[in-house]
Amino acid sequence: MRIFADSACDLPKEFYEMNPVTLIPLRVQIEEAEYLDVETINSTEVYAAIRSGKHPKTSQASPEQFITLFEELAKSGEEGLYIAFSSELSGTHNSAVMIRDQVLEEYPQLKLTIIDSKCASLGYGLLVKEALRLQKAGEPLERIEEIIRFKAAHMEHLFTVEDLDYMARGGRVSKASAFIGGLLNIKPLLHVEDGKLVPIEKLRGRKKLMKRILELMEERGERLHEQTIAISHGDDEALALEMKKMIEETFKPKQVEIHIIGSAVGSHAGPGTLAIFFANQLQP
């Protein structure tokens, strides 16, 4: 079985080099130059561009790459599983489904399952890593799909951004809200609901925000001490490590993973973003 993942799962380049997971890069444009997320640009370059006043744009994965990968899969006779970035945040999932259907006309033997993760960043990344673990354990595709769909449906995302201006550019908040938020040191706390970004509340100051994240983890998480919790950050590792320490002291989880937010997601979230991912229900 072959596993496919797009770069919005925010797993580092080394993950793809060390594991049998095929990367499908999203595209990032900075001024006139276009790059492939992970492959030809890294996120620190994107954050540097944003800090210098540039406004990166992103686009979904290339249809040509989907065609090539799906035809190769069909010819190989192997089964495939593509866990995709939330369809509410990108057109990549829907394009993949459309192209799979096209490829099936010429290669009816194609066996490819596509899952809309309804997740982003390391919430999505945890699903990819779980699929890989299950594959290595010898689980059949049907069982892997069942488990991943369950975990996707129960993945919590809690996140905040350092500067509301970045989200205002992407239409996530109004420009007036961004201006007022910057003046008053107000930090938005958001989550993902059925694949969409949804604001929860606004808090003044970072300390209050981090304390509130812990409270929401307590309310929403199930048996956090048994979980691998993930933290992604917008080029602010010190903040992520501070959050990790608070989570470890409060919940004593099995593991806490930290990675920088990738180029595609980071282009919209901006520097200073902090996101935490955990399950609100574990499988019975």
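The values are calculated or read from the model by the stated rules, or taken from the named source; none is laboratory data. Quick caveat: nothing in here was measured; it's all calculated off a predicted structure. For neighbour counting, all protein chains shown are included, and Cβ atoms are generated from backbone atoms with ideal geometry for every residue, glycine included. These area figures cover heavy atoms from the full protein model, side chains too; ligands, DNA and RNA do not enter into them. Shrake-Rupley method; radii C 1.70, N 1.55, O 1.52, S 1.80 Å.
Tabulated data
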item	result
Kirkwood hydrodynamic radius of the chain, from inverse mean 1/r over distinct Cα pairs, in Å	19.4 Å
Values of log10 I(q)/I(0), in the order q = 0.14 Å⁻¹, for the range 1-152 under a Debye, Cα-only, solvent-free model	-0.68
In sequence order, calculated HN-Hα J values of the range 2-19 (Karplus, 6.51, -1.76, 1.60; Hz; x Gly/Pro)	9, 10, 10, 8, 9, 5, 5, 7, 6, 7, x, 4, 4, 4, 6, 6, 9, 10
Loop-located trypsin sites (Lys or Arg not before Pro) in the range 30-98 whose Cβ has at most 15 other Cβ within 10 Å (DSSP)	Lys54
Per-pair calculated FRET efficiency, R0 = 35 Å: Glu88 and Glu248 via Cβ, rounded to 0.05	0.65
Out-of-range pairs (alpha-carbon distance over 30 Å; input Lys187/Lys245; Lys129/Lys244; Lys57/Lys254)	Lys57/Lys254
Where GluC sites (Glu not before Pro) fall in DSSP loop in the range 1-110, at most 15 other Cβ within 10 Å	Glu31, Glu32, Glu39, Glu78, Glu88
Helix-only [θ]222 nm of the chain, DSSP H runs n ≥ 4, -39500 (n - 2.57) each, per residue, nearest 500	-13500 deg cm²/dmol
Nearest-ten-degree value, helix 121-136 long axis tilted from longest Cα axis of the chain	40 degrees
Stokes-Einstein D in µm²/s, Kirkwood radius over Cα pairs - the range 80-129 at 37 °C with 0.692 mPa s viscosity	287 µm²/s
Residue among Pro199, Pro12, Pro20 with the largest mean-square fluctuation in a Gaussian network model of the chain, springs linking Cα atoms under 10 Å	Pro20
Antiparallel DSSP beta bridges within the chain, as percent of all bridges there, nearest 5	55 percent
Accessible surface of the chain [probe 1.4 Å, protein heavy atoms]: carbon and sulfur percent	49 percent
Percentage relative contact order, the chain, counting C-alpha pairs under 8 Å, at least six apart	22 percent
Hz values of 3J(HN,Hα) by residue in the range 26-37 - Karplus curve (6.51, -1.76, 1.60), Gly and Pro given as x	6, 10, 10, 10, 10, 6, 8, 9, 10, 10, 9, 3
Choice from Gly266, Gly125, Gly138 showing the highest fluctuation, given a GNM over the chain with Cα pairs closer than 10 Å	Gly138
Spacing of the two label points (7 Å from each Cα toward its C-beta) at Glu34 and Glu106, in nm	2.1 nm
Vicinal HN-Hα couplings computed from phi for the range 247-264 (Karplus, 6.51 cos²θ - 1.76 cosθ + 1.60; Hz; Gly/Pro x)	5, 5, 5, 7, 10, 6, x, 4, 7, 10, 9, 10, 9, 6, 5, x, 5, 5
Partners for Lys54 among lysines (Cα-Cα distance below 20 Å; same-chain residues under 8 apart left out)	Lys175
Amide proton proximity set for Thr22, modelled H, under 5 Å, gap of 5+	Ile3, Phe4, Ala5
Å² of accessible area per residue within the chain, as computed with a 1.4 Å probe and no ligands counted	46 Å²
Stretchable slack from Glu17 to Ile186, in nm (0.36 nm times residue separation minus alpha-carbon distance)	56.8 nm
Segment Lys196-Arg223, length gained on full extension (0.36 nm per residue, minus Cα span)	7.2 nm
Amide H contacts of His55 (H built 1.01 Å from N, under 5 Å, at least 5 apart or other chain)	Glu31
The range 186-284: trypsin sites (Lys or Arg not before Pro) in DSSP coil with no more than 14 other Cβ atoms inside 10 Å	Arg223, Lys254
